[in-house]
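**Student:** Got a structure for you, written out below as structure tokens; questions coming shortly.
Computed from the coordinates by the stated procedures, all read-outs in this text should not be read as laboratory data. Since we're looking at a predicted model, the values are computed, not measured. Ideal geometry is used to build each Cβ from the backbone, glycine not excepted, and the neighbour counts take in all protein chains shown.
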Amino acid sequence: MLFLTHLLFGILIALVARGFISGGNYWFFFGLVLLGSVLSDVDNRNSKITKYLGLPGKIVSFFSKHRGFFHSMLFVVLLTVVLKLFLGDYYAWGLFLGLVGHLFMDSMSKNGINLFYPFLDVEIKGWVRVGNWQEMMIRVLLVGLIVWTVVW
Ligand SMILES: [Zn+2]
């Protein structure tokens, strides 16, 4: 899925999570959910997040396979544990939810993800073609849910 779609899903997750998880500064938590929701695409040289990260992003994308390690549960678990050690449970939850949200969205795309990389080679994929009308419909749905969450 594309950057904006992931970002919209991240916003929705952060808004919904507000009612369930607390324990620190909500806006920092919100930022971490958004970061998590776009970070995995650093394995793609042409992604927005790679461009935003500048040289470090270029180096990482050069050495990684798209939809390999950065789109695996291993990456999610490692990063969440690191964040838990440094910032505690609340903020680790934020990043975790964003990362899982990213994998969930990509698992609906035709390209799919390899969730258990590098341990198992099982491709999980759906029916959505990235960037076409199906993804645009998902965006419309997400915007609707975001508005509903805010108003409700
Ligand atoms: Zn992705």
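**Student:** Three principal axis extents, largest first, for the C-alpha atoms of the range 3-151, in Å?
**Tutor:** 39, 37, 31
**Student:** Here's another thing I want to ask about it. Work through the residues other than residue 51 whose Cβ is under 10 Å from its Cβ and net out their charges, Lys, Arg +1 and Asp, Glu -1.
**Tutor:** Numbers: positive: 45, 48, 58; negative: none.
Result for the neighbourhood of residue 51: +3.
**Student:** What are the membrane-span-like helices in the chain by this rule: whole DSSP H runs, Cα extent along the axis at least 24 Å, mean Kyte-Doolittle hydropathy at least -1.0?
**Tutor:** TM-like helix candidates: 89-107, 133-151.
**Student:** Can you compute the FRET efficiency between residue 65 and residue 100 using 1/(1 + (r/R0)^6), with r the Cβ-Cβ distance and R0 = 30 Å? Round to the nearest 0.05. Don't jump to the answer; show the numbers that get you there.
**Tutor:** Numbers: r = 20 Å, r/R0 = 0.68.
For residue 65 and residue 100, the calculated efficiency is 0.90.
**Student:** Could you give the dipole magnitude of the range 49-147 about its Cα centre, charging the beta-carbon of Lys and Arg +1 and that of Asp and Glu -1, in debye to the nearest 20? Don't jump to the answer; show the numbers that get you there.
**Tutor:** Working: 9 positive and 5 negative charges, 60 e Å.
Here the range 49-147 has a charge dipole of around 280 debye.
**Student:** When the helices in the chain are scored as -39500 (n - 2.57) per DSSP H run of 4 or longer and the sum is shared across all residues, what 222 nm value do you end up with, to the nearest 500 deg cm²/dmol? It would help to have the intermediate numbers written out before the result.
**Tutor:** Working: 7 runs with 97 residues, N = 152.
For the chain, the value works out to -20500 deg cm²/dmol.
**Student:** Can you tally the net charge around residue 110? Count Lys and Arg as +1, Asp and Glu as -1, for every other residue whose Cβ sits under 10 Å from the Cβ of residue 110.
**Tutor:** Working: positive: 125, 129; negative: none.
Residues close to residue 110 contribute a combined charge of +2.
**Student:** Would you work out if the range 70-152 is rounded, prolate or oblate? Take a ≥ b ≥ c from the square roots of the eigenvalues of the alpha-carbon gyration tensor; rounded if a/c is under 1.5, else prolate when a/b is larger than b/c, oblate otherwise. Write down the numbers at each step before the final one.
**Tutor:** Values: a/c = 3.85, a/b = 1.16, b/c = 3.31.
Since a/c reaches 1.5 but b/c is at least a/b, the shape of the range 70-152 is classed as oblate.
**Student:** For residue 24, what residues show an amide H to amide H distance below 5 Å, using hydrogens built from the backbone and excluding near sequence neighbours?
**Tutor:** HN-HN under 5 Å from residue 24: empty list.
**Student:** By how many nm would the segment from residue 152 to residue 4 grow when fully extended, if each residue of separation counts as 0.36 nm and the alpha-carbon distance is taken off?
**Tutor:** 50.9 nm
**Student:** Positive end of the charge dipole of the range 1-150 (Lys, Arg +1 and Asp, Glu -1 on Cβ, about the Cα centre): tell me which of 92, 31, 2 has its Cα farthest that way.
**Tutor:** 2
**Student:** What's the local net charge at residue 127, with K and R +1, D and E -1, over the other residues with C-beta under 15 Å away?
**Tutor:** 0
**Student:** Also: Identify the residues of the range 74-91 with backbone N under 15 Å of a label point that sits 7 angstrom from the Cα of residue 25 along the Cα-to-Cβ direction, or state none.
**Tutor:** Zone members listed by number: 87-88, 90-91.
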